[in-house]
Protein chains: 2
Amino acid sequence: MADEQKMDREGLERVARVFQAFSDATRLAILQELKSGPCGVGTLVERVGGSQGNISKQLQVLAETGFIRREKKGNQVFYSIDDPRVFEMCNVVCSKLTSEAQEKAGFVFEI
Amino acid sequence: MADEQKMDREGLERVARVFQAFSDATRLAILQELKSGPCGVGTLVERVGGSQGNISKQLQVLAETGFIRREKKGNQVFYSIDDPRVFEMCNVVCSKLTSEAQEKAGFVFEI
DNA sequence: GCTGTATATTCGTATATTAGAATATACTGA
DNA sequence: TCAGTATATTCTAATATACGAATATACAGC
């Protein structure tokens, strides 16, 4: 099915770089906002919090993954989700965390 | 469909922590080895390279995500994939990188 | 208990990351 | 061109990370 060949170090580093982009709460908060639709930088600064400069930087990190799109419109720059599979990944992690929490709380009977 | 409620900062930080675990080439190399089946630490040191101490540390980081299982058997410790969805996530990233590379090379005609 | 093997932990160092403040650039409209 | 608004970049400090070397712990067999 999937490619069973092993990836070389450079390939692994590129993949790692993408996960890295999603490994920060501020950037995930931005993603969460973009889920509702495209958004300008100023609006994201308001909604996510933090300095304008920092939000702008984090947006660039996200855009470099290829999952987020950058689009200039006149004076403003709008960011949006370019590939919704980014949320599939988040959902996998979330559901894992949820089931872990349930196990910890003893809500699950494993056979 | 998915939970549309916004996650608080603490939740986002927990998710970020999991992505963080996958954001390192050495740890991805370990995952790649585990794909073929459970593996002891010593074998992973041989196959992945680097010091034994470092591999052991990285294994712990992976195990903390809940996607990788740790199992003691006598003198040895075996690690294995506990939730194969970790590879789904990797595949999403890989396919994105592949399509990006193709676009860069001009192999894709967008309508 | 002692020895050897397997794994984990600690320590120190080089490097990377995050964030705010200040500054620079880009664009719009008068 | 000038002023104002929106975004990006640079600089700096605090913190986090990855790694090897050395050391500690766990366990099996004698």
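Divide by every residue of chain A the summed helix terms, -39500 (n - 2.57) for each DSSP H run of at least 4, and state the resulting mean residue ellipticity at 222 nm, rounded to the nearest 500 deg cm²/dmol. Kindly include the intermediate steps, with their values, before the conclusion.
Numbers: 5 runs with 64 residues, N = 111.
Rounded to the nearest 500, it is -18000 deg cm²/dmol.
Past 22 Å, Cα to Cα: identify those pairs from A:Lys57/B:Lys57; B:Lys6/B:Lys96; B:Lys35/B:Lys57; A:Lys96/B:Lys35; B:Lys35/B:Lys73; A:Lys96/B:Lys6, in the order given.
On the way: A:Lys57/B:Lys57 31 Å; B:Lys6/B:Lys96 26 Å; B:Lys35/B:Lys57 19 Å; A:Lys96/B:Lys35 19 Å; B:Lys35/B:Lys73 20 Å; A:Lys96/B:Lys6 17 Å.
Violating the 22 Å limit, Cα to Cα: A:Lys57/B:Lys57; B:Lys6/B:Lys96.
Along the positive direction of the dipole of chain A (beta-carbon charges: Lys, Arg +1; Asp, Glu -1; about the Cα centre), which of A:Phe22, A:Val92, A:Gly106 reaches farthest?
The Cα lying farthest towards the positive end belongs to A:Phe22.
When the dipole is taken about the Cα centre of the protein assembly as shown, and only Lys, Arg (+1) and Asp, Glu (-1) are charged at their Cβ, what size is it in debye, to the nearest 20?
On the way: 30 positive and 32 negative charges, 86 e Å.
It comes to approximately 420 debye.
Sticking with the crude label model, points 7 Å out along Cα→Cβ, report the distance from B:Ser36 to B:Arg70 in nm, one decimal please.
The modelled label-to-label distance comes out at 2.4 nm.
Could you work out, residue by residue across B:20-27, how many beta carbons of other chains sit within 10 Å of that residue's beta carbon, and then give the average as an integer? Walk me through the numbers on the way to the answer.
Working: counts 5, 3, 9, 10, 6, 11, 4, 3.
Across the residues of B:20-27, the mean count of other-chain Cβ atoms within 10 Å is 6.
May I have the extent of the alpha carbons of the range B:1-80 along their three principal axes, as whole Å values ordered from largest to smallest?
Result for the range B:1-80: principal-axis Cα extents of 45, 23, 20 Å.
For chain A, modelled as a GNM with alpha-carbon contacts under 10 angstrom, which of A:Lys96, A:Lys35, A:Lys57 fluctuates the most?
Looking only at A:Lys96, A:Lys35, A:Lys57, the biggest GNM fluctuation is shown by A:Lys96.
Taking chain A as a Gaussian network, Cα atoms linked when under 10 Å apart, which of A:Leu34, A:Leu12, A:Leu44 shows the biggest mean-square fluctuation?
The residue that fluctuates most here is A:Leu12.
Have a look at A:Gly53, A:Gly37, A:Gly11 and tell me which one the Gaussian network model of chain A (Cα, springs below 10 Å) gives the largest fluctuation.
Answer for the Gaussian network model of chain A: A:Gly11.
Need one number: nm distance between label points at A:Ser80 and B:Arg9, each 7 Å from Cα along Cα→Cβ, rounded to one decimal.
3.1
Treating only the Cβ of Lys, Arg, Asp and Glu as charged (+1, +1, -1, -1), what charge dipole size does chain B show about its Cα centre? Round to the nearest 20 debye.
Numbers: 15 positive and 16 negative charges, 103 e Å.
The calculated dipole for chain B is roughly 500 debye.
Read-outs throughout are calculated quantities, based only on the coordinates presented, and are distinct from any laboratory measurement. Nothing here was measured: the structure is a model prediction, and the numbers come from that model. Positions of Cβ are backbone-derived with ideal geometry, glycine not excepted, and every protein chain shown enters the neighbour counts.
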